[in-house]
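See structure below.
Bear in mind that the values in this text are calculations on the coordinates, not laboratory data. Please read these numbers as outputs of a predicted model, since none were measured by experiment. Quick reminder, even Gly has a Cβ in these numbers, built from the backbone with ideal geometry, and neighbours come from all protein chains shown.
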């Protein structure tokens, strides 16, 4: 008997999102008109996320890592086992409308010039979430380094992305040097450098909570992770002189912002958001030091 392969392989990387993972998986398994295989790679969660899958979803293929390998590396673990024509990377803090995966596949089949695409993303209150970027980090100074790229979209949100398995395997999946943050932008840029565009599938819809795996991480550490991902993106795709220019501008801006925020905190008592902004610019100032010095 001929084996019927899935249309879509869905990969979900979980990290301390047990309270949301069940709803995510239920919505995925309720998808209509497509044959799905589902993988969950758990990055050593401490909240029972792996048990949620093991006990409640026996059809889902679970990999329970003993340590946190990072988002890109965990996705790559499952990617090597996928059999679907298309792979969907999906965050565990999402839910999928029943027709969305079918519409995503139809879009990719009818748009061969698109290498990777994402659906319309909604916030829990039903408002539209900003899920596309038209520019890459540092684009103002580094655009010339990137050359001519197809399409207008630079990147779609990593909460949900679809691409052909063949293309992803040819690219080697995500760059595992990105532990968390920046890997989605890097993947989209590598696809565009191969001559394919990034697409938006507006009639496919997911709901996304956002930032749930980092709920227990200190805000300063989240900011630091994000900015280190940004610096890695610069080092990978821009010339050294461009990186120095970007970091010098960011360092000067951060120093000026730190001065203004501290002044405001001294003069005005209502400064609830000031400490958060101060931490952000202090991190940027610290992290750009070595690039500015060319080290």
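First obtain the Kirkwood hydrodynamic radius of the range 1-61 from its Cα pairs, then insert it into the Stokes-Einstein equation at 37 °C and 0.692 mPa s, and state the resulting D in µm² per second as a whole number.
In µm²/s, the coefficient is 268.
More than 31 angstrom separation, counting every C-alpha pair in the chain; what % is that?
For the chain, the fraction of Cα-Cα distances above 31 Å is 33 percent.
How do 22-32, 187-197, 253-263 rank on mean C-beta neighbours within 10 Å, highest first?
Averaged packing, sorted descending, gives the order 187-197, 22-32, 253-263.
Restricting to the range 8-214, compute how many DSSP beta bridges are antiparallel as a %, nearest 5.
Values: 13 of 38 bridges.
Given both bridge residues lie in the range 8-214, the antiparallel proportion sits at roughly 35 percent.
Over all directions, what mean area does the Cα convex hull of the range 39-137 project, stated in square nanometres?
8.7
May I ask you to derive the relative contact order of the chain, considering only C-alpha pairs under 8 Å and at least 6 residues apart, and to give it as an integer percent?
Here the relative contact order equals 19 percent.
Just subtract the alpha-carbon distance of residue 36 and residue 3 from 0.36 nm times their residue separation and send over the number in nm, one decimal.
That pair, residue 36 and residue 3, stretches by 10.5 nm at full extension.
Rank-order 86-93, 236-243, 281-288 by packing density, defined as the average count of other C-beta atoms within 10 Å over each peptide's residues, highest first.
Top of the packing list down: 86-93, 281-288, 236-243.
What whole number of Å gives the distance from the Cα centroid of the range 142-183 to the Cα centroid of the range 41-108?
Their Cα centres are 18 Å away from one another.
Using 0.36 nm per residue of separation minus the Cα-Cα distance, give me the extension gain between residue 132 and residue 59 in nm, one decimal.
23.0 nm
Kindly provide the helix-only [θ] at 222 nm of the chain, computed as the sum of -39,500 (n - 2.57) over DSSP H runs of four or more divided by all residues, to the nearest 500 deg cm²/dmol?
-14000 deg cm²/dmol
Using a cut-off of under 18 Å, list every residue of the range 107-128 whose amide N is near the label point 7 Å from the Cα of residue 167 along the Cα-to-beta-carbon line.
107-120
Taking Cα pairs under 8 Å and at least six residues apart, what relative contact order does the range 239-292 come out at, in percent? Write out the running numbers ahead of the final one.
Working: 37 pairs, mean separation 30.4, N = 54.
Computed value for the range 239-292: 56 percent relative contact order.
Quick one: what Rg and Dmax do you get for the range 239-292 from the alpha carbons, in Å?
13.0, 44
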